[in-house]
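Taking it in order: structure first as structure tokens, then the write-up.
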Amino acid sequence: MVIANHRGAIRPPQGRLRPYRVAMLAPPWIPIPPPGYGGIELVVSLLCEGLVRLGHDVTLFAAPGSRSSAMVREVLPRCHPDKIGHALYEVDHVARVLAALDQSADQGEPFDLLHDHCGFTAVALADRIALPVVHTLHGAFTADTSAFYSRYAENAWLVAISKAQRASAPPGTRITDVVPNPIEVSDWPYRSQKRDYVLWVGRFDDFKGAHRAIAAARRADVPLVLAGPIQPGQETYFRTEIAPHLDGEHVRYLGEVGGRRKQHLFANARALLMPIRWNEPFGMVMVEALACGTPVIAFPEGATIEIVQHELNGYLVEDEEAMAAAIADVDQLDPAACRQSVALRFNPEAVALGYEDVYRRATVQPPGWLLKGSAAARAGDVSVS
Ligand code: UDP
């Protein structure tokens with residue numbers, strides 16, 4: 001049997017007789033796709049579209065109000081955008097999904113795998129879930145999450161979103177593969193004629209470098225626009241490092257932006273500045289800018305070196321001084337090449353193909369817990385001392 005993709009093209013079955021039946025587990029906080037801020041929700045949304053286009057049978061378990069080409073199953077009665085990370089809602093959400101998976105199996109329609117994007121519950125329980133659990137790592141490794149993944153990594157099929165993120169995994173943590181985040185380029189406006197400003201978009205954490213963007217733009221003598229939320233804990237940094245430079249002309253702050261306004265901000269900018277000093281796990285703002293034909297000037301940290309192709313879609317520079325020099329050169333880059341650089345590598349189908357490969361391995365190989373002998377423990381072969 002073969003699978004026809006959305007363009008009607010026929011592709012090989014990759015060793016399977018039928019498409020995968022995927023249970024996609026989104027977080028409970030915000031609907032899919034997200035109406036505003038919501039990085040994970042956007043990734044899940046585009047991944048579902050990509051998998052469905054490849055012919056897979058995807059059920060999306062998500063917050064109420066979600067829409068997708070996949071079959072949507074709303075789990076909790078309400079969204080909880082103001083309770084992000086609260087264990088009560090995450091556990092309730094995941095437990096209800098696990099019950100639904102059991103019910104499907106009982107009705108003779110079992111899923112092939114659970115693809116988890118929802119916190120930590122499913123990973124911690126993966127050796128008690130009857131399906132292979134594929135888990136996308138959406139955040140940077142911290143001391144706490146490193147300890148968690150070191151303990152539970154063998155139970156699930158962990159997928160990193162960049163090589164840099166994989167390299168920062170704690171020693172011994174099994175990362176199955178690297179699959180980047182998707183972007184639908186046609187959802188973003190393309191502009192070849194740029195305005196005079198450079199742009200910084202992010203959160204006001206020191207390591208995201210808004211203050212370094214100010215220094216570089218001042219040195220290059222070009223206007224800078226800053227956009228992003230001031231999240232709890234970031235007030236002092238904003239007050240001391242950013243606010244004194246805001247003059248409504250050379251350095252402007254627009255607050256948090258979304259929707260069409262955000263898109264046009266990206267599309268009209270001469271360049272996006274990424275003067276980061278941390279191991280960026282992916283950096284969605286870079287692919288969003290590039291989708292609009294806007295080059296990215298970045299420090300070579302984390303995933304920037306996987307997204308920015310030096311002198312093709314941007315520049316990789318060591319410091320603020322070099323960033324200022326690159327701003328002067330950036331108009332030489334071709335906006336069409338910038339857009340093309342993400343259209344080819346990060347489109348939802350390409351990303352879905354990456355996950356298809358992970359699913360193939362997860363469904364044909366025994367998961368880690370079988371190798372460790374947990375199966376025997378589950379069957380009752382447990383000695384009590
Ligand atoms: N974003 C937004 N409005 C803002 C600032 C940021 O919608 O005012 C979005 C931005 O477009 C991107 C995401 O927030 O999709 C930030 O993702 P990224 O991976 O760049 O950084 P993170 O904050 O996840 O480390």
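Readers should treat all values here as calculations from the given coordinates under stated rules, not as data from a laboratory. This structure is a prediction, so every number in the text was calculated from the model and none was measured. Note that we place each Cβ from the backbone using ideal geometry, even for glycine, and neighbour counts take in every protein chain shown.
The C-alpha atoms of the chain define a longest principal axis, and helix 259-268 lies at about 50 degrees to it. Considering segment 185-344 at the alpha-carbon level, its Rg and Dmax are found to be 14.1, 41 Å. Which one, Asp82, Asp57, Asp205, has the greatest fluctuation when you compute a Gaussian network model over the chain with C-alpha springs under 10 angstrom? Among Asp82, Asp57, Asp205, the largest mean-square fluctuation in the Gaussian network model of the chain belongs to Asp82. Legend: calculated FRET efficiency, Ala328 to Arg277, from the Cβ-Cβ distance at R0 = 22 Å, rounded to 0.05, equals 0.45. Within the shell defined by Cβ-Cβ distances under 10 Å, the residues around Ser45 carry a net charge of -2, with Lys and Arg each +1 and Asp and Glu each -1. The label-point distance for Gln107 and Lys163, in a model that sets each label 7 Å from Cα toward Cβ, rounds to 4.5 nm.
Excluding Thr294 itself, calculate the net charge of residues whose Cβ lies under 14 Å from the Cβ of Thr294, where each Lys or Arg counts +1 and each Asp or Glu counts -1.
Once all neighbours under 14 Å are counted, the net charge is +2.
Volume per residue of the convex hull around the Cα atoms, evaluated for the chain, comes out as 153 Å³. One Cα centroid belongs to segment 155-188, the other to segment 99-120; the line between them spans 22 Å. Fully extending the segment from Ser186 to Asp205 would add 3.8 nm, taking 0.36 nm per residue of separation and subtracting the current Cα-Cα distance.
How large is the dipole of the chain about the Cα centre if only Lys and Arg carry +1 and Asp and Glu carry -1, each at its Cβ, rounded to the nearest 20 debye? Charge dipole of the chain: 720 debye, to the nearest 20. Taking every C-alpha pair closer than 8 Å and separated by at least 6 residues, the mean separation divided by the residue count of the chain gives a relative contact order of 15 percent. Of all DSSP beta bridges confined to the chain, the antiparallel ones make up roughly 5%. Taking packing as the residue-averaged number of other Cβ atoms within 10 angstrom, the listed peptides 107-117, 263-273 run from highest to lowest as 263-273, 107-117.
Relative to the longest principal axis of the Cα atoms of the chain, the long axis of helix 348-364 makes an angle of roughly 30 degrees. Relative to the longest principal axis of the C-alpha atoms of the chain, give the angle of the C-alpha long axis of helix 320-329, reported between 0 and 90° and rounded to the nearest 10°. It is inclined by approximately 80 degrees.
With a cut-off of 15 Å between beta carbons, the residues surrounding Cys118 carry a summed charge of -2, where Lys and Arg count +1 and Asp and Glu -1.
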